[in-house]
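Heads up: the structure comes next, in C-alpha coordinates.
The values are calculated or read from the model by the stated rules, or taken from the named source; none is laboratory data. Worth saying up front: this structure is predicted, and the values here are computed from it rather than measured. Cβ sites come from the backbone with ideal geometry, for glycine too, and all protein chains shown count toward neighbours. Heavy atoms of the whole protein, side chains included, go into the accessibility calculation; ligands, DNA and RNA do not. Shrake-Rupley method; radii C 1.70, N 1.55, O 1.52, S 1.80 Å.
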Amino acid sequence: MVSNFDQFRDIYPYTSRYFDLNPHKYHYLDEGGGETLLFLHGNPTWSFYYRTLIQRLKDGYRCVAPDHIGCGLSDKPQDYNYTLSIHIDNLEKLVDSLELKNVTLVLHDWGGAIGMGLAVRRPELIKRLVLFNTAAFLSSHMPFRINICRKPFIGPIATRYFNAFAKGVLMFGLKNQERLTEQVRAGYLAPYDSFENRVANLRFVQDIPMDSTAESYPVVKNIENNLQQFNKLPIMIAWGMKDFCFNHHFLNKWKEIFPSAEVHEVEHAGHLVVEDACEEIIPWMCLFLKNNPL
(Lines give C-alpha, C1' and ligand atoms only; values in the text may rest on other atoms or scores of the structure.)
Protein backbone atom coordinates (compact mmCIF):
# COMPACT_ATOMS: atom_id res chain seq x y z
CA MET A 1 0.00 0.00 0.00
CA VAL A 2 1.25 3.46 -0.83
CA SER A 3 2.16 5.62 2.15
CA ASN A 4 -0.28 8.48 1.45
CA PHE A 5 -3.27 6.39 0.37
CA ASP A 6 -5.56 8.12 2.87
CA GLN A 7 -5.30 11.36 0.88
CA PHE A 8 -7.49 9.97 -1.89
CA ARG A 9 -9.21 6.93 -0.35
CA ASP A 10 -12.66 8.52 -0.54
CA ILE A 11 -12.44 8.97 -4.34
CA TYR A 12 -10.97 5.47 -4.78
CA PRO A 13 -13.20 3.54 -2.34
CA TYR A 14 -12.49 0.08 -3.64
CA THR A 15 -11.30 -3.19 -2.15
CA SER A 16 -7.71 -4.00 -3.08
CA ARG A 17 -7.20 -7.56 -4.24
CA TYR A 18 -3.93 -9.26 -5.08
CA PHE A 19 -3.11 -12.05 -7.50
CA ASP A 20 0.04 -14.02 -6.74
CA LEU A 21 2.44 -13.97 -9.69
CA ASN A 22 5.09 -15.55 -7.46
CA PRO A 23 7.07 -13.81 -6.15
CA HIS A 24 5.27 -10.63 -7.15
CA LYS A 25 1.85 -9.35 -6.13
CA TYR A 26 -0.43 -8.12 -8.91
CA HIS A 27 -3.02 -5.65 -7.63
CA TYR A 28 -6.49 -5.46 -9.13
CA LEU A 29 -10.01 -4.26 -8.45
CA ASP A 30 -13.02 -6.54 -8.85
CA GLU A 31 -16.20 -4.56 -8.21
CA GLY A 32 -19.85 -5.19 -8.95
CA GLY A 33 -21.40 -8.08 -10.84
CA GLY A 34 -22.71 -9.04 -14.26
CA GLU A 35 -20.98 -8.88 -17.63
CA THR A 36 -17.25 -8.27 -17.30
CA LEU A 37 -15.67 -4.93 -18.14
CA LEU A 38 -11.87 -5.28 -18.07
CA PHE A 39 -10.21 -1.88 -17.61
CA LEU A 40 -6.56 -1.66 -18.66
CA HIS A 41 -4.52 1.46 -17.91
CA GLY A 42 -1.31 2.79 -19.44
CA ASN A 43 1.85 4.57 -18.34
CA PRO A 44 2.10 6.36 -15.92
CA THR A 45 -1.47 5.91 -14.70
CA TRP A 46 -3.04 2.98 -12.83
CA SER A 47 -6.51 1.68 -11.97
CA PHE A 48 -7.17 5.04 -10.27
CA TYR A 49 -7.64 6.44 -13.79
CA TYR A 50 -10.87 4.46 -14.17
CA ARG A 51 -12.31 5.21 -10.73
CA THR A 52 -15.25 7.32 -11.98
CA LEU A 53 -16.24 4.81 -14.66
CA ILE A 54 -16.10 1.95 -12.16
CA GLN A 55 -18.18 3.91 -9.65
CA ARG A 56 -20.93 4.41 -12.22
CA LEU A 57 -20.81 1.02 -13.94
CA LYS A 58 -20.27 -1.41 -11.05
CA ASP A 59 -23.99 -1.51 -10.22
CA GLY A 60 -24.69 -3.30 -13.50
CA TYR A 61 -21.36 -4.80 -14.52
CA ARG A 62 -18.39 -6.63 -13.08
CA CYS A 63 -15.55 -4.12 -13.25
CA VAL A 64 -12.07 -5.64 -13.15
CA ALA A 65 -9.09 -3.28 -13.24
CA PRO A 66 -5.53 -4.55 -12.68
CA ASP A 67 -2.41 -2.48 -12.08
CA HIS A 68 0.37 -3.73 -14.34
CA ILE A 69 3.45 -4.92 -12.45
CA GLY A 70 5.49 -1.82 -11.60
CA CYS A 71 2.37 0.35 -11.52
CA GLY A 72 -0.23 1.46 -9.02
CA LEU A 73 -0.49 -0.81 -5.99
CA SER A 74 1.22 -3.78 -7.66
CA ASP A 75 4.76 -4.76 -6.75
CA LYS A 76 7.55 -2.79 -8.37
CA PRO A 77 10.51 -5.17 -8.71
CA GLN A 78 13.75 -3.54 -9.78
CA ASP A 79 15.11 -6.51 -11.71
CA TYR A 80 12.19 -7.47 -13.94
CA ASN A 81 11.49 -7.93 -17.62
CA TYR A 82 9.12 -5.01 -18.13
CA THR A 83 8.21 -5.85 -21.72
CA LEU A 84 4.90 -6.06 -23.50
CA SER A 85 4.79 -9.85 -23.74
CA ILE A 86 5.30 -10.17 -19.98
CA HIS A 87 2.47 -7.73 -19.24
CA ILE A 88 0.22 -9.75 -21.56
CA ASP A 89 1.29 -12.96 -19.80
CA ASN A 90 0.40 -11.47 -16.43
CA LEU A 91 -2.98 -10.30 -17.64
CA GLU A 92 -3.79 -13.68 -19.17
CA LYS A 93 -2.98 -15.43 -15.90
CA LEU A 94 -5.27 -13.09 -13.99
CA VAL A 95 -8.09 -13.50 -16.51
CA ASP A 96 -7.80 -17.28 -16.32
CA SER A 97 -7.65 -17.25 -12.53
CA LEU A 98 -10.83 -15.15 -12.33
CA GLU A 99 -12.42 -17.28 -15.07
CA LEU A 100 -13.45 -14.18 -17.02
CA LYS A 101 -15.59 -14.79 -20.10
CA ASN A 102 -17.52 -12.55 -22.49
CA VAL A 103 -15.17 -9.68 -21.76
CA THR A 104 -15.54 -6.06 -22.81
CA LEU A 105 -12.05 -4.58 -23.03
CA VAL A 106 -11.72 -0.94 -21.95
CA LEU A 107 -8.31 0.29 -23.08
CA HIS A 108 -6.13 3.38 -22.69
CA ASP A 109 -2.51 4.12 -23.65
CA TRP A 110 -0.36 0.98 -23.13
CA GLY A 111 -3.53 -0.83 -22.11
CA GLY A 112 -4.34 -0.98 -25.82
CA ALA A 113 -1.34 -3.11 -26.73
CA ILE A 114 -1.65 -5.21 -23.58
CA GLY A 115 -5.39 -5.74 -23.95
CA MET A 116 -5.33 -6.42 -27.67
CA GLY A 117 -2.35 -8.70 -27.06
CA LEU A 118 -4.63 -10.76 -24.85
CA ALA A 119 -7.43 -10.52 -27.43
CA VAL A 120 -5.20 -11.86 -30.21
CA ARG A 121 -4.14 -14.77 -28.01
CA ARG A 122 -7.66 -15.50 -26.74
CA PRO A 123 -10.17 -14.02 -29.21
CA GLU A 124 -12.98 -16.23 -27.92
CA LEU A 125 -12.99 -14.26 -24.65
CA ILE A 126 -13.58 -10.82 -26.18
CA LYS A 127 -17.08 -9.55 -27.02
CA ARG A 128 -16.80 -5.74 -27.12
CA LEU A 129 -14.11 -3.05 -27.28
CA VAL A 130 -13.94 0.44 -25.80
CA LEU A 131 -10.89 2.45 -26.85
CA PHE A 132 -9.52 5.65 -25.29
CA ASN A 133 -6.44 7.31 -26.89
CA THR A 134 -4.39 4.20 -27.37
CA ALA A 135 -2.62 2.07 -29.95
CA ALA A 136 -2.05 -1.58 -30.66
CA PHE A 137 -0.09 -1.17 -33.88
CA LEU A 138 3.31 0.07 -34.94
CA SER A 139 3.90 3.78 -35.48
CA SER A 140 6.81 6.03 -36.38
CA HIS A 141 5.29 8.89 -34.36
CA MET A 142 7.25 9.78 -31.23
CA PRO A 143 6.55 13.09 -29.45
CA PHE A 144 9.64 14.93 -28.26
CA ARG A 145 8.43 14.90 -24.64
CA ILE A 146 8.33 11.12 -24.68
CA ASN A 147 11.37 10.58 -26.82
CA ILE A 148 13.54 12.58 -24.41
CA CYS A 149 12.61 10.09 -21.68
CA ARG A 150 14.06 7.28 -23.82
CA LYS A 151 17.48 8.88 -24.11
CA PRO A 152 20.39 7.34 -22.18
CA PHE A 153 21.36 9.24 -19.04
CA ILE A 154 18.81 12.05 -19.36
CA GLY A 155 15.82 9.67 -19.54
CA PRO A 156 16.54 7.81 -16.28
CA ILE A 157 17.38 11.04 -14.49
CA ALA A 158 14.22 12.82 -15.65
CA THR A 159 11.89 9.87 -15.15
CA ARG A 160 13.23 8.25 -11.99
CA TYR A 161 14.92 11.08 -10.06
CA PHE A 162 12.56 13.94 -10.91
CA ASN A 163 9.35 12.03 -11.75
CA ALA A 164 9.12 14.11 -14.93
CA PHE A 165 7.12 11.55 -16.86
CA ALA A 166 4.27 11.17 -14.36
CA LYS A 167 4.17 14.89 -13.57
CA GLY A 168 4.43 15.75 -17.26
CA VAL A 169 1.43 13.63 -18.21
CA LEU A 170 -0.66 15.43 -15.60
CA MET A 171 0.58 18.77 -16.91
CA PHE A 172 0.27 18.14 -20.64
CA GLY A 173 -2.24 15.29 -20.81
CA LEU A 174 -5.10 16.95 -18.95
CA LYS A 175 -6.67 19.92 -20.70
CA ASN A 176 -9.19 20.75 -17.99
CA GLN A 177 -6.66 21.48 -15.28
CA GLU A 178 -9.33 22.48 -12.78
CA ARG A 179 -10.04 18.76 -12.46
CA LEU A 180 -6.55 18.20 -11.11
CA THR A 181 -7.41 18.92 -7.50
CA GLU A 182 -4.83 18.26 -4.82
CA GLN A 183 -6.59 15.00 -4.04
CA VAL A 184 -6.70 13.80 -7.65
CA ARG A 185 -3.08 14.76 -8.19
CA ALA A 186 -2.12 12.81 -5.06
CA GLY A 187 -3.97 9.78 -6.40
CA TYR A 188 -2.10 9.75 -9.69
CA LEU A 189 1.34 10.36 -8.18
CA ALA A 190 1.16 8.35 -4.94
CA PRO A 191 2.36 5.03 -6.39
CA TYR A 192 5.36 6.74 -7.99
CA ASP A 193 6.81 8.48 -4.94
CA SER A 194 10.42 7.29 -5.10
CA PHE A 195 13.24 6.39 -7.46
CA GLU A 196 12.52 2.68 -6.96
CA ASN A 197 8.79 3.05 -7.50
CA ARG A 198 9.27 4.76 -10.89
CA VAL A 199 11.08 1.83 -12.47
CA ALA A 200 8.17 0.82 -14.73
CA ASN A 201 7.54 4.41 -15.83
CA LEU A 202 10.96 4.30 -17.47
CA ARG A 203 10.76 0.71 -18.68
CA PHE A 204 7.44 1.27 -20.47
CA VAL A 205 8.92 4.21 -22.37
CA GLN A 206 12.04 2.22 -23.23
CA ASP A 207 9.90 -0.65 -24.51
CA ILE A 208 8.14 1.41 -27.20
CA PRO A 209 9.08 -0.46 -30.40
CA MET A 210 10.30 2.22 -32.79
CA ASP A 211 12.26 -0.16 -35.04
CA SER A 212 12.55 -3.87 -35.80
CA THR A 213 15.45 -4.35 -33.37
CA ALA A 214 13.22 -3.60 -30.35
CA GLU A 215 12.25 -6.63 -28.28
CA SER A 216 8.53 -5.82 -28.45
CA TYR A 217 8.48 -5.02 -32.18
CA PRO A 218 7.42 -8.51 -33.34
CA VAL A 219 4.84 -8.67 -30.54
CA VAL A 220 3.17 -5.44 -31.66
CA LYS A 221 3.50 -6.42 -35.31
CA ASN A 222 1.68 -9.68 -34.61
CA ILE A 223 -1.07 -7.85 -32.74
CA GLU A 224 -1.45 -5.36 -35.59
CA ASN A 225 -1.65 -8.15 -38.15
CA ASN A 226 -4.50 -9.77 -36.23
CA LEU A 227 -6.67 -6.78 -35.31
CA GLN A 228 -9.14 -6.96 -38.17
CA GLN A 229 -10.63 -10.21 -36.88
CA PHE A 230 -12.39 -8.05 -34.26
CA ASN A 231 -13.96 -5.56 -36.68
CA LYS A 232 -17.39 -7.19 -36.41
CA LEU A 233 -17.51 -6.74 -32.65
CA PRO A 234 -19.32 -3.77 -31.11
CA ILE A 235 -16.61 -1.11 -30.77
CA MET A 236 -16.75 2.33 -29.19
CA ILE A 237 -13.96 4.89 -29.47
CA ALA A 238 -13.84 8.05 -27.34
CA TRP A 239 -10.85 10.17 -28.28
CA GLY A 240 -9.34 13.24 -26.69
CA MET A 241 -8.51 15.34 -29.75
CA LYS A 242 -5.92 17.47 -27.96
CA ASP A 243 -3.69 14.52 -27.08
CA PHE A 244 -0.02 15.44 -27.52
CA CYS A 245 0.91 11.77 -27.97
CA PHE A 246 -1.94 9.70 -29.43
CA ASN A 247 -3.04 12.32 -31.94
CA HIS A 248 -5.51 12.18 -34.84
CA HIS A 249 -3.19 9.94 -36.87
CA PHE A 250 -3.73 7.15 -34.33
CA LEU A 251 -7.49 7.74 -34.35
CA ASN A 252 -7.54 7.58 -38.14
CA LYS A 253 -5.68 4.28 -38.01
CA TRP A 254 -8.30 2.84 -35.66
CA LYS A 255 -11.05 4.08 -38.00
CA GLU A 256 -9.32 2.31 -40.86
CA ILE A 257 -9.04 -0.94 -38.91
CA PHE A 258 -12.55 -0.73 -37.42
CA PRO A 259 -14.64 1.24 -39.94
CA SER A 260 -17.94 0.43 -38.21
CA ALA A 261 -16.84 1.66 -34.79
CA GLU A 262 -18.93 4.20 -32.89
CA VAL A 263 -16.58 7.20 -32.64
CA HIS A 264 -16.79 10.16 -30.26
CA GLU A 265 -14.24 12.91 -30.88
CA VAL A 266 -13.86 14.93 -27.69
CA GLU A 267 -12.53 18.28 -28.84
CA HIS A 268 -11.82 19.70 -25.37
CA ALA A 269 -9.99 16.63 -24.01
CA GLY A 270 -6.36 15.54 -24.04
CA HIS A 271 -4.55 12.29 -23.43
CA LEU A 272 -6.28 11.62 -20.11
CA VAL A 273 -9.62 11.69 -21.87
CA VAL A 274 -11.48 9.82 -19.12
CA GLU A 275 -10.34 12.41 -16.57
CA ASP A 276 -11.11 15.28 -18.94
CA ALA A 277 -14.53 14.11 -20.12
CA CYS A 278 -15.99 11.46 -17.79
CA GLU A 279 -19.40 13.21 -17.70
CA GLU A 280 -19.75 12.65 -21.44
CA ILE A 281 -18.04 9.25 -21.59
CA ILE A 282 -20.18 7.59 -18.92
CA PRO A 283 -23.53 8.03 -20.74
CA TRP A 284 -21.88 7.08 -24.04
CA MET A 285 -20.59 3.85 -22.49
CA CYS A 286 -23.90 3.07 -20.78
CA LEU A 287 -25.80 3.48 -24.04
CA PHE A 288 -23.18 1.56 -26.02
CA LEU A 289 -23.33 -1.39 -23.62
CA LYS A 290 -27.15 -1.32 -23.55
CA ASN A 291 -27.45 -1.15 -27.34
CA ASN A 292 -24.97 -3.99 -27.87
CA PRO A 293 -26.11 -6.79 -25.55
CA LEU A 294 -24.08 -9.97 -25.46
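Some notes on this structure:
- On the chain, 50 percent of the accessible area sits on carbon and sulfur atoms, based on a 1.4 Å probe.
- Helical content of the chain, expressed as a calculated mean residue ellipticity at 222 nm, amounts to -10000 deg cm²/dmol (DSSP H runs of 4 or more residues, -39,500 (n - 2.57) each, divided by residue number, nearest 500).
- Packing, taken as the mean count of other beta carbons within 10 Å per residue, orders the peptides 67-77, 216-226 from highest to lowest as 67-77, 216-226.
- Sorting 113-123, 89-99 by average packing, meaning the other beta carbons within 10 Å per residue, from highest down gives 113-123, 89-99.
- Solvent exposure of region 223-294 amounts to 45 Å² per residue of accessible area, where only protein heavy atoms count and the probe is 1.4 Å.
- If you sort the three axes of the alpha carbon gyration tensor as a ≥ b ≥ c, you get a/c under 1.5 for the chain, which makes it rounded.
- Paramagnetic reach from Tyr80 (point 7 Å along Cα→Cβ, amide N under 13 Å) across region 187-230: 192, 196-204
- At a probe radius of 1.4 angstrom, the accessible area of region 55-121 per residue rounds to 30 square angstrom.
- Qualifying aspartates and glutamates (Cα of each under 20 Å from Cα of Lys76; at least 8 residues distant if same chain): Asp20, Asp67, Asp89, Glu92, Asp109, Asp193, Glu196, Asp207
- Mean Cβ neighbour count within 10 Å, used as a protection proxy, ranking 249-256, 57-64 highest first: 57-64, 249-256
- Relative contact order (percent, whole number), the chain, Cα cutoff 8 Å, 6+ residue spacing: 19 percent
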